[in-house]
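Engineer: The structure under discussion is supplied below as structure tokens; questions concerning it will follow.
Where a number appears in this text, it was derived from the coordinates with a stated rule and is not lab data. All values reported here derive from a predicted model rather than from experimental measurement. All Cβ positions, glycine included, derive from the backbone under ideal geometry; neighbour counts span all protein chains shown.
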Amino acid sequence: SQQGEEDPQALSIQEGENATMNCSYKTSINNLQWYRQNSGRGLVHLILIRSNEREKHSGRLRVTLDTSKKSSSLLITASRAADTASYFCALGGIYNQGGKLIFGQGTELSVKP
Amino acid sequence: DAGVIQSPRHEVTEMGQEVTLRCKPISGHDYLFWYRQTMMRGLELLIYFNNNVPIDDSGMPEDRFSAKMPNASFSTLKIQPSEPRDSAVYFCASSSSWGPLTEAFFGQGTRLTVV
């Protein structure tokens, strides 16, 4: 499957704790992207990491990419109740697949105040 | 820019009826994607366009589904005839010239219910 597989499917933590979500894939990609979806809303882009990058930061977000293991992780530090949402990884620039942008099944994060 | 605009936001229709979903991408974006989201199947890519041309429609579930992009600022997804299993949230997204090499911007989605 070209789809990213996310782990865990659901995560519940207390405010202030860190949240880590993982994405594994099986194909060659140009980049891996992370998106957030609040209930009933569209997806919002969070961060993009290219295949030649290993780590990227944006505010409280830290993304790593290991192309040898074909896996990525998204870390949200010092989580807040407002971080409660579903988080999706997306594979971009898939080898031999032109312009497809393929999403994983998502991780549902619940941050309790 | 107002972002990607989809209409309607909600649609309830009877089985067998034709349904048309609409999307206005961000101005200047030349990639447009249609996705369908359900609890069971997650977020599925149905079709995408580049410069108004359909590039890959392998995700379109069956012949009842069709999509068009008559110009750079408008796309439609049509279901005819509709069936209850088509009930889902349909998202349109657009991105710039580098397509999947850059971020995609999503509309708010159309929640379709077929009864």
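Engineer: How much of the pair distance distribution for segment A:25-65 lies past 11 Å, counting alpha-carbon pairs only, in percent?
Structural biologist: Cα-Cα pairs of segment A:25-65 separated by over 11 Å account for 68 percent.
Engineer: Find the all-direction average of the projected area of the Cα convex hull for chain A, expressing the result in square nanometres with one decimal place.
Structural biologist: Mean shadow area of the hull around the Cα atoms is 6.6 nm².
Engineer: Something else: For the pair residue B:64/residue A:38, report the inter-label distance in nm, with labels modelled 7 Å from Cα in the Cβ direction.
Structural biologist: In this crude label model, residue B:64 to residue A:38 measures out at 3.4 nm.
Engineer: In peptide A:36-43, what is the residue-averaged number of other protein chain Cβ atoms found within 10 Å of each Cβ?
Structural biologist: Across A:36-43, the average partner-chain Cβ count within 10 Å equals 5.
Engineer: List the equivalent ellipsoid semi-axes of chain B in whole Å, largest first, each obtained as the square root of 5λ for an eigenvalue λ of the Cα gyration tensor.
Structural biologist: 23, 14, 13
Engineer: Which of the lysines could a cross-linker bridge to residue B:68, judged by Cα under 19 Å and excluding same-chain residues fewer than eight apart?
Structural biologist: Result set, ordered by chain and number: A:100, B:24, B:78.
Engineer: Would you please put A:61-69, B:44-52 in order of how densely packed they are, using the mean number of other Cβ atoms within 10 angstrom per residue and starting with the highest?
Structural biologist: Those peptides, ordered most packed to least, come out B:44-52, A:61-69.
Engineer: Taking only the alpha-carbon positions of the protein assembly as shown and ignoring solvent, what does the Debye formula give for the base-10 log of I(q)/I(0) at q = 0.10, 0.12, 0.17 Å⁻¹?
Structural biologist: So the normalised log intensities work out to -0.45, -0.65, -1.22.
Engineer: Work out, step by step, the length gained on full extension between residue B:74 and residue B:12: first 0.36 nm times the residue separation, then minus their alpha carbon distance; give nm to one decimal.
Structural biologist: 20.1 nm
Engineer: So how do B:83, B:62 line up by other beta-carbon neighbours within 10 Å, fewest first?
Structural biologist: With the sparsest Cβ surroundings first, the list reads B:62, B:83.
Engineer: With Cβ to Cβ distances under 9 Å as the rule, what net charge do the other residues near residue B:19 carry (K, R +1; D, E -1)?
Structural biologist: Result for the local shell: -2.
Engineer: Among the trypsin sites (Lys or Arg not before Pro) in segment A:3-55, which ones are in a DSSP loop with at most 16 other Cβ atoms within 10 Å of the Cβ? Mind listing them?
Structural biologist: A:26, A:41, A:54
Engineer: Sorting B:39, A:21, B:60, B:15 on the 10 Å Cβ count, fewest up front, what's the list?
Structural biologist: Going from least to most buried by this count: B:39, B:15, B:60, A:21.
Engineer: Among the aspartates and glutamates, which have Cα under 18 Å from the Cα of residue A:69 when same-chain residues fewer than 8 positions away are ignored?
Structural biologist: Excluding near neighbours in sequence, the set is A:5, A:6, A:7, A:53, A:55.
Engineer: Return a whole-number percent for the relative contact order of chain A, with Cα pairs under 8 Å and 6 or more residues apart as the contact set.
Structural biologist: Once divided by the residue count of chain A, the mean separation gives 38 percent.
Engineer: From the mean inverse distance of alpha carbon pairs (Kirkwood) and the Cα radius of gyration, derive Rg over Rh for segment B:1-64.
Structural biologist: 0.98
Engineer: Still on this model: Counting partner chain Cβ atoms within 10 Å of every residue's Cβ in A:88-94, what's the average?
Structural biologist: If you average over the peptide's residues, the count of other-chain Cβ atoms is 3.
Engineer: Moving on. Fewest first, what order do A:58, A:73 take by the number of other Cβ atoms within 10 Å?
Structural biologist: Exposure proxy ranking, most exposed first: A:58, A:73.
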